[in-house]
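Step one of this worksheet: look at the structure below.
The values are calculated or read from the model by the stated rules, or taken from the named source; none is laboratory data. Only a predicted model underlies this, so the values are computations on that prediction, with no experimental measurement involved. Positions of Cβ are backbone-derived with ideal geometry, glycine not excepted, and every protein chain shown enters the neighbour counts.
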Amino acid sequence: MDNKVALEVALTNINSTSKILSDNPSFEIINSNLSAVRLILESQLARTESTVTVTTPTAVTTPVPVPLPNVDTRVTSLESEDYDAPTQSQSTISINTYRIEEETTAGWTVVDPKETVKLTKEEAQEKIDALIRTQGYAPYRVRVVVDGQR
């Protein structure tokens, strides 16, 4: 299974899990963690869609997965190994900027073009938390997307 398909399957599973557990007493905590994972997977999926690689077919053997002993695999924020690593080109450092989008009947749209675009990762996290806590946005209907670079 290629990376794009794996990411799409993972996103579908997260959405299904969120719907199934909507009556769970700890739904807000569970959904908050699932939302963080969803954001990471969506950003990785966006990166795979913008990258084209040509490979030659080779024989592939799939190793049997081995369970990790006592390892906490929960994601608690938007951080991952290379999620927001600044890139350096010709002695200038670029930092990713982010925008917050909501899912509407017209698709994914920017929440507020003046307030939720060109944000740092920390600003985006604060704004999305505020939208969910104080303005009643459903966590599964908002997302953070890479907007560009500074």
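Summary of computed values
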item: Candidate set from region 92-103 (those that are modelled with pLDDT of 90 or more and β-branched (V, I, T)); member that is nearest to N33 (Cα to Cα); result: I100
item: Condition broken by Q125, with the remaining ones in (1) outside any loop (DSSP other than H, G, I, E, B); (2) surrounded by fewer than 18 Cβ atoms within 10 Å (Cβ to Cβ) satisfied; result: (2)
item: Filter result for D112 (touching a Lys or Arg at 6+ places or on another chain (Cβ under 6 Å), surrounded by fewer than 19 Cβ atoms within 10 Å (Cβ to Cβ) and farther than 26 Å from I20 by Cβ); result: no
